[in-house]
1. Choose one of B:F91, B:T74, B:I118: the residue whose Cα lies farthest towards the positive end of the charge dipole of region B:55-161 (beta-carbon charges +1 Lys, Arg; -1 Asp, Glu; about the Cα centre).
2. I'm checking a number: the convex hull volume of the Cα atoms of the protein assembly as shown, normalised per residue, in Å³. What is it?
3. Using just the alpha carbons, could you tell me how many Å³ per residue the convex hull of region B:43-142 encloses?
4. Helix A:175-185: angle to the longest alpha-carbon principal axis of chain A, degrees 0 to 90, nearest 10?
5. So how do A:12-21, B:142-151, B:50-59 stack up, highest first, on mean other-Cβ count within 10 Å?
6. What list of ³J(HN,Hα) couplings, whole Hz, do you get for region A:85-100 from phi and the Karplus terms 6.51, -1.76, 1.60, once you set θ to phi - 60° and write x for glycine and proline?
7. Taking H placed 1.01 Å from N in the peptide plane, check which residues at least 5 places from B:L249 or on another chain put their amide H under 5 Å from its amide H.
8. Once phi is turned into θ = phi - 60°, what whole-Hz ³J(HN,Hα) does the Karplus curve with 6.51, -1.76 and 1.60 give for every residue of region B:203-219, x standing for Gly and Pro?
Amino acid sequence: MQPRLALFLIYLIPVPLLIGSLFIGPADTVSTKEVLAWLTGPWFAPTPSAVLDSGLVRTIIWDVRLPRVILAFLVGAALSGSGTALQALFRNPLVDPYLLGLSSGSAFGAALALATSWMPLQVSAFSFGMAAVGASYFLARTRKSVTVISLILSGIIVSGIFTSLLTIVQFLTDPFRLQTIVHWTMGNLHNASWAKLNSSAPGTLAGLVWLLLFRWRMNVLALGDEETRAVGLNPEHQKLLVLIPATLAASASVAVAGVIGLVGLVVPHMTRMLIGPDNTRTLPASLALGGSFLLLVDDCSRVAASFEVPIGIFTTLIGGPFFIFLLRRSRVGWEI
Amino acid sequence: MTSLLEGLHLFFSYGGRGVLHDVTIEVQQGQFTIILGKNGSGKSTLLRIMAGLLKPDGGTLQVMGRDLNDLSLTERAKIIGYLPQFHRPIFPFSVEDVVLTGRASYVNLIPGHEDRRIVLRALERVGIIHLRLRPFTELSGGEQQLVMIARVLAQEPKIVLLDEPTAHLDFVNQAHVLRLIREFADSELAVVAVLHDPNIAFLYGDRFIFLKEGQVESWSSSQKPWDTEVLQKVYGPELRSIPYQDRALVVPIIDSK
């Protein structure tokens with residue numbers, strides 16, 4: 001596909017997808033006609049207004065589906081934007097937003113909140129996610145500089161420690177709470193609400209806007225530390241300028257949606273395959289594509305089963321094979 | 001002749017081992033200075049100190065009359081262009097995008113039209129404008145080196161420091177790259193390169209800095225540093241020079257049976 005066409009499609013897809021997703025839900029509760037009528041209602045009302053005012057339609061679309069659709073899109077965008085940025089930062093295509101312990105830190109924070117109610121769930125998940133990444137960063141820091149290898153190593157160690165702590169909490173807690181914890185760690189878009197969206201959106205959006213502003217610097221960083229210094233930028237400062245917003249966006253998302261795997265790894269790759277490695281174009285495109293991807297997967301999970309399958313499982317089940325298909329048939333956008 | 005970069009009484013040691021011992025150097029505008037010496041003699045270290053990437057343990061460095069330490073990274077990058085030793089990036093950025101990163105000290109957040117124009121001019125000057133949309137990772141070693149040289153030019157520096165610019169190149173590409181670097185010096189840049197091969201150095205350079213055991217000896221081309229006696233002092237007794245045009249080639253002495 002031509003990059004220009006690909007870019008056009010990537011930005012076009014979210015519009016019909018966002019609207020179309022409002023129609024999807026357990027089939028008989030609200031009919032397609034009712035959704036349509038509700039959507040077009042403000043402009044012209046062919047349907048008797050009694051149906052619309054029934055409250056049920058409004059509640060389902062406005063209070064249940066709309067926040068979920070927006071949240072799914074936002075979380076997808078945050079994870080893939082963060083993944084794209086971190087892959088450039090680490091000069092490594094195998095990196096995802098969870099590399100530095102974000103997922104296990106957040107999961108531990110969430111579990112702790114669920115088990116002990118010591119502080120609100122999202123606040124706890126968010127704080128521990130950020131803390132885990134911060135710990136990885138400072139553990140990797142020697143003599144005022146942070147190498148890619150030491151960051152990856154400390155990320156693995158911090159992840160391991162928080163996973164152990166999570167296991168302790170799970171081990172000590174009662175079965176009912178244990179189930180809630182396990183559900184949370186598998187991703188939970190099905191509890192979406194305006195309240196959740198409101199708590200997540202500021203952090204996510206702030207992180208993403210910040211990343212967008214600094215997207216060209218990622219091209220500079222991707223060439224190497226010494227190369228970055230040679231053209232007049234301090235690589236240590238630049239790394240932080242990417243690491244902080246990437247963590248902020250992903251952490252705010254994980255705090256409300258749980259650990260959703262693979263999006264932050266797969267979508268950056270898909271974007272690069274379609275339009276190349278230049279982050280000035282790839283980063284914004286990966287936001288649109290990531291949002292669309294997660295929304296589509298969430299739609300599938302709502303249609304496929306009569307009960308809610310946690311989204312994290314679906315992203316892996318659908319994204320995994322699709323990714324392998326892509327890898328096998330096209331240029332992958334990086335070289336070893 | 002203006003002196004653009006001066007290093008006075010530089011000392012540097014690494015892991016307890018003295019690498020540079022009271023080294024004084026001077027880099028002049030319009031001259032091609034070449035640093036020569038055996039492996040481990042501190043050639044790259046000296047260049048990295050001149051680029052401000054390593055701090056000397058003692059001594060001062062003056063760039064265009066100002067102390068190197070007083071310059072910010074951005075200011076420094078506008079004066080000194082440094083080409084590190086070769087390495088391959090992972091992502092297949094287009095040639096144009098790689099060269100564009102040379103503009104980092106001028107760009108605020110996103111490069112503009114002016115930056116792209118300068119990039120095209122740099123590519124033209126190096127003679128690889130036809131490669132501008134190709135993925136960097138798919139180029140040959142010689143082409144990649146030319147791209148990195150164009151990146152240094154896009155930086156619009158006054159002083160160009162090159163760390164073994166011909167290290168992975170074949171014979172023909174070595175000559176091509178060095179002719180290009182020679183042109184930079186002729187167009188009033190100050191060029192300093194670390195080279196392994198004294199032959200190719202003698203053909204193109206104006207001034208030669210020999211590093212041995214942490215100390216330097218500086219020779220200009222008029223002093224004929226390719227004479228056998230000088231070379232034997234730096235590289236050892238098994239060398240001989242053979243006249244070639246107004247210069248000389250260096251060959252190892254072999255046993256004639």
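1. It is B:I118.
2. Values: hull volume 117.2 nm³, N = 593.
Per residue, the Cα convex hull of the protein assembly as shown comes to 198 Å³.
3. Expressed per residue, the convex hull around the Cα atoms of region B:43-142 is 140 Å³.
4. The angle comes out at about 70 degrees.
5. B:142-151, B:50-59, A:12-21
6. The phi angles translate into 5, 5, 5, 5, 4, 8, 6, 8, x, 9, 7, 10, x, 8, 4, 8 Hz.
7. B:I242, B:Y244
8. The phi angles translate into 5, 10, x, 9, 9, 10, 10, 9, 9, 8, 6, x, 10, 10, 10, 10, 10 Hz.
The values are calculated or read from the model by the stated rules, or taken from the named source; none is laboratory data. These figures come from a predicted structure and were not determined experimentally. Ideal geometry is used to build each Cβ from the backbone, glycine not excepted, and the neighbour counts take in all protein chains shown. Side chains included, ligands, DNA and RNA excluded: accessible areas come from the protein's heavy atoms. Shrake-Rupley method; radii C 1.70, N 1.55, O 1.52, S 1.80 Å.
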